[in-house]
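Chemist: To start, I am sharing the structure in question, which I have written as structure tokens.
The values are calculated or read from the model by the stated rules, or taken from the named source; none is laboratory data. Everything numeric here is computed off the predicted structure, so don't read it as measured data. Cβ placement follows ideal geometry from the backbone for every residue including glycine, while neighbour counts extend to all protein chains displayed. Surface areas here come from the heavy atoms of the whole protein model, side chains and all, with no ligands, DNA or RNA. Shrake-Rupley method; radii C 1.70, N 1.55, O 1.52, S 1.80 Å.
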2 protein chains.
Amino acid sequence: MTRTNLFISAALCFCTVAANAQVKEDFVPSPNNQYGKDYPMVNSERCVRVKVYAPEAKSVKLDISAVKYDLVKDAEGYWIGESAPQDEGFHYYQLNIDGADVPDPSSLYYYGASRWGSGVDVPAADQDFYALKNVPQGQIREIYYWSEVNKTMRHCFVYTPAEYDQNPEKRYPVLYLQHGGGENEYGWPQQGRTAQIMDNLIAEGKAVPFIIVMDNGTWTMPRPAGPAPSGKGPIRLPENWAEGFASTLINDIIPMVDSRFRTIADKEHRAMAGLSMGGMQTRAITLAHPGVFSSMGMFSGGTISMEDIKSHPKFAKEMKLVFFSFGSRELDAHMFGFGSGIEPGQEAKDLVAAGMNAHYYVSEGTAHEWQSWRRSLYQFAQLLFK
Amino acid sequence: MTRTNLFISAALCFCTVAANAQVKEDFVPSPNNQYGKDYPMVNSERCVRVKVYAPEAKSVKLDISAVKYDLVKDAEGYWIGESAPQDEGFHYYQLNIDGADVPDPSSLYYYGASRWGSGVDVPAADQDFYALKNVPQGQIREIYYWSEVNKTMRHCFVYTPAEYDQNPEKRYPVLYLQHGGGENEYGWPQQGRTAQIMDNLIAEGKAVPFIIVMDNGTWTMPRPAGPAPSGKGPIRLPENWAEGFASTLINDIIPMVDSRFRTIADKEHRAMAGLSMGGMQTRAITLAHPGVFSSMGMFSGGTISMEDIKSHPKFAKEMKLVFFSFGSRELDAHMFGFGSGIEPGQEAKDLVAAGMNAHYYVSEGTAHEWQSWRRSLYQFAQLLFK
């Protein structure tokens, strides 16, 4: 767990609160429930209600957004209760049954917080952009490949746009899109809703069709050398911090994708982005390897500063698109030191004044969670390869 | 749950036994564990050992292969214990914590028994045929499509062989491959190991490359009319039993696949197979629609009898390959009535004597479980489209 603490510890506290006594009784089943299951449910106040059968248990809790809520047992042995209002979008959660942290047997499962566990999607005012619609459908393809760097088979997912199989002569740009700490390559296709976001954007003519590669950045990530960042001021990880994954990406993943897919295999048509740890990897790798990518995006994963530009003239000259974003609640909480002292929006303005094509986006009302990153992909994808 | 009881109730009993006191201490982590997790483990006697932290629980059980084993709590609050020896191959299981049936938080999750829950793969003497190897890799593609029959978006997986993207002019035969009752479209790609079985067979020249479509047969399945089968004599479901899924398959799925993939879109290059409920669907649909498929396979899902042949002359004339299989433990237990009175091997011989290309396979030492069906696919795939 230690390797992920850097990325998730900021939001953690362990308090237990009583279930909300005054909730609005308009709960409906979550879209992330297992087939045929009514619970978890969410109401119009964005409270999450769970129900689990545990007739012999002494204590059952709902653990969501770093708060534990006591459930109440009914006469039939079911424990039921609800959380306080949650932010819009996707949240990991778990149950605690007599001290055991376990997934809710009624929900679908997602990988985050270094575990496969429960997830619930709270309806959002803007959820239409990631809804499954009857538009031309791309594909998420599951890929295994040999990694010479790691001497093992590896696993990734590749999104191909709907038109890919209909245009056997056409070649496409590629975005390499990374998950966060404690997550894996399933994050973007599942909780990220990559295919739905891209299919909808392409159908509306708001994004050009491109390939997206979603690989696992955890396996080969070396630990940062030296003491852990203190949290005062923006985290600036050393440039060589992500070289473990960089080696796999540049020597194994990119050549594999260029050989198995109809890519345009040059820097101009290759981008990297990621969330949290994946954004930090994107920052380190694109600064250290400016000849590989021409566009980069960091979602809740740092910024590019004027100091970076001055110390990396090749990056400054060749990077055609720089994008960074945060959830507004992250900035409010000074997560990773951003929003305290250095203001990311000002950093973006400074880059633009220096002649860079830099973009900055704030996801209103969301924290270090997937709704921020769905929205960030939605924004970033509209800028890419144009 | 009632709709699946027909297919899973035969093996269920609810007894609790003490954990095995004399086990061989050569346990190694299961290949189905979550990243970084040591448990569950399996030893050379094929016993499954689990370990879960539940410091306040009064009782924790391992529930596997229809037997519940009491675990024992250690001084640190972990509950540990093991099952009796299991058959080779994949098994669903769950934990019971103070009366709550929950997934083991250490395992990967699979859909079966009408739930997403834990799975463990017990090493098998013949596991090489479904091992992930560095051979040319096919792809499992996740597909969404509009169903006019059901007026909704539906979801399936499609396996394309490794050479598919390298031969943009070549067209391929298609196998429609169905899961069992209480399972879904994830069964064959995940616990079935379809891609690994096919990639290995194709690499060895033992199977011709073909496309495999794995859809969800549950949503539209009508209940059989009349009383439930009694279990005396082979179950013979009425021919119209699977028309709900047949309508979706013939009107929506097959045209979608023929439009999105480079198929050879005729009966001669189209097969259907399935396990358990999926085998029963295959039997009913190929008998009722003999002009759609030219090959069919039933894995633990019934047989074709001489009565079927006599009453379905078009099926008898046009079906180029008939395959049925069982696990030897299913026959020992007279599951679904087979092995009592009517012997499936004799039925296959009768079909051959009548001029049919009929094949029969018994998976030795396995029951109504995935190892029987992995082996059945391995056998069936070598016969298909040749």
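Chemist: Would you point out the residue of region A:70-110, among those that are aromatic (Phe, Trp, Tyr) and under 18 Å from residue B:102 (Cβ atoms), that is least open to solvent (accessible area, probe 1.4 Å)?
Modeler: That would be A:93.
Chemist: Mind checking which residues of region B:24-56 are open to solvent by 40 Å² or more (accessible area, probe 1.4 Å), within 23 Å of the chain's Cα centre (by Cα) and more than 14 Å from every other protein chain (Cβ to nearest Cβ)?
Modeler: B:46
Chemist: Specify the residue that is nearest to the other protein chains (Cβ to nearest Cβ); the eligible residues are those in region B:138-162 that are in a loop (DSSP other than H, G, I, E, B) and open to solvent by less than 20 Å² (accessible area, probe 1.4 Å).
Modeler: For region B:138-162, the residue satisfying everything is B:138.
Chemist: May I pose another question? From A:202, A:212, A:197, which residue is in contact with a strand residue (DSSP E or B) (Cβ under 9 Å, 6 or more places away or on another chain) and either closer than 15 Å to residue A:254 by Cβ or in the same structural domain as residue A:266 (by TED's automatic domain parsing) (or both)?
Modeler: Exactly one residue qualifies, and that residue is A:212.
Chemist: Follow-up question, since we're still on this one. Pairs under 6 Å by beta carbon, first residue farther than 30 Å from residue B:90 by Cβ in region B:327-354, partner at pLDDT 80 or above and not in a helix (DSSP H, G or I), six or more apart or different chains?
Modeler: Every condition considered, the pairs that remain are B:351/B:358; B:352/B:358.
Chemist: Tell me, please, whether a residue that is touching an Asp or Glu at 6+ places or on another chain (Cβ under 7 Å) and not in a strand (DSSP E or B) can be found in region A:68-84.
Modeler: No - not one qualifying residue is present in region A:68-84.
Chemist: Taking into account only those residues within region A:111-136 that are surrounded by 22 or more Cβ atoms within 10 Å (Cβ to Cβ) and hydroxyl-bearing (Ser, Thr, Tyr), which is farthest from residue B:78 (Cα to Cα)?
Modeler: A:130
Chemist: Separate question: What's the number of the only condition in (1) more than 24 Å from residue B:289 (Cα to Cα); (2) open to solvent by 10 Å² or more (accessible area, probe 1.4 Å) that residue B:311 fails to meet?
Modeler: With respect to (1) more than 24 Å from residue B:289 (Cα to Cα); (2) open to solvent by 10 Å² or more (accessible area, probe 1.4 Å), residue B:311 is out only on (1).
Chemist: Take region A:315-350 and flag every residue that is touching a helix residue (DSSP H, G or I) at 6+ places or on another chain (Cβ under 7 Å) and of a type in the set (Phe, Trp, Tyr).
Modeler: A:315, A:323, A:324, A:326, A:338
Chemist: Does residue B:59 satisfy being among the polar types (S, T, N, Q), within 8 Å of another protein chain (Cβ to nearest Cβ) and at positive phi?
Modeler: No.
Per-residue answers, yes or no, for (1) closer than 22 Å to residue A:173 by Cβ; (2) not polar (S, T, N, Q):
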residue	(1), (2)
A:302	no, yes
A:311	no, no
A:331	no, yes
A:335	no, yes
A:344	no, yes
A:347	no, yes
A:354	no, yes
A:373	yes, yes
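Chemist: Name the residues in region A:166-198 that are more than 30 Å from residue A:114 (Cβ to Cβ) and at pLDDT 95 or above, would you?
Modeler: Answer for region A:166-198, where residues must be more than 30 Å from residue A:114 (Cβ to Cβ) and at pLDDT 95 or above: A:170, A:171, A:172, A:173.
For (1) modelled with pLDDT of 95 or more; (2) within 29 Å of residue A:117 (Cβ to Cβ); (3) of a type in the set (D, E, K, R), each residue gets a yes or a no:
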site	(1), (2), (3)
B:6	no, no, no
B:18	no, no, no
B:21	no, no, no
B:26	yes, no, yes
B:31	no, yes, no
B:48	yes, yes, no
B:52	yes, yes, no
B:68	yes, yes, yes
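Chemist: A further question on this structure: Just to be sure before I move on: is residue B:165 open to solvent by 10 Å² or more (accessible area, probe 1.4 Å) and at the interface with chain A (Cβ under 7 Å from one of its Cβ atoms) in the structure I sent?
Modeler: yes
Chemist: Another question, if that's okay. Just name the residue that is farthest from residue B:156 (Cα to Cα) out of those in region A:168-189 that are surrounded by fewer than 19 Cβ atoms within 10 Å (Cβ to Cβ) and at the interface with chain B (Cβ under 10 Å from one of its Cβ atoms).
Modeler: Selected residue: A:169.
Chemist: If you don't mind, there's one more thing I want to ask. Determine if region A:142-149 includes at least one residue that is of a type in the set (D, E, K, R), under 18 Å from residue A:256 (Cβ atoms), modelled with pLDDT of 95 or more and assigned by TED's automatic domain parsing to the domain that holds residue A:213.
Modeler: Within region A:142-149, one or more residues are of a type in the set (D, E, K, R), under 18 Å from residue A:256 (Cβ atoms), modelled with pLDDT of 95 or more and assigned by TED's automatic domain parsing to the domain that holds residue A:213.
Chemist: Being more than 7 Å from chain A (Cβ to nearest Cβ) and without any contact (Cβ under 8 Å) to a residue 40 or more places away in the chain is the filter; apply it to region B:84-117 and report the residue that is nearest to residue B:58 (Cα to Cα).
Modeler: B:96
Chemist: Scan region B:336-351 for residues that are surrounded by fewer than 22 Cβ atoms within 10 Å (Cβ to Cβ) and of a type in the set (A, V, I, L, M, F, W, C) and jot them down.
Modeler: Matches in region B:336-351: B:342, B:348.
Chemist: Could you look through region A:222-254, keep only residues that are part of a helix (DSSP H, G or I) and open to solvent by 60 Å² or more (accessible area, probe 1.4 Å), and pick out the one that is modelled with the lowest pLDDT?
Modeler: Applying the filter and picking the extreme gives A:239.
Chemist: Next up: Only one of B:259, B:300 is modelled with pLDDT of 95 or more and surrounded by fewer than 23 Cβ atoms within 10 Å (Cβ to Cβ). Can you tell me which?
Modeler: Every option except B:259 fails the conditions.
Chemist: Okay, moving on. Return the residues of region B:344-377 that are of a type in the set (Asp, Glu) and closer than 25 Å to residue B:316 by Cβ; say none if nothing qualifies.
Modeler: B:347, B:350
Chemist: Out of all the residues in region B:367-386, which are crowded, with 24+ Cβ neighbours inside 10 Å and polar (S, T, N, Q)?
Modeler: Passing the criteria: B:371, B:372, B:376.
Chemist: Somewhere in region B:356-376, is a residue under 25 Å from residue B:294 (Cβ atoms), in a loop (DSSP other than H, G, I, E, B) and in contact (Cβ under 8 Å) with a residue 24 or more places away in the chain?
Modeler: The answer is yes; a qualifying residue exists.
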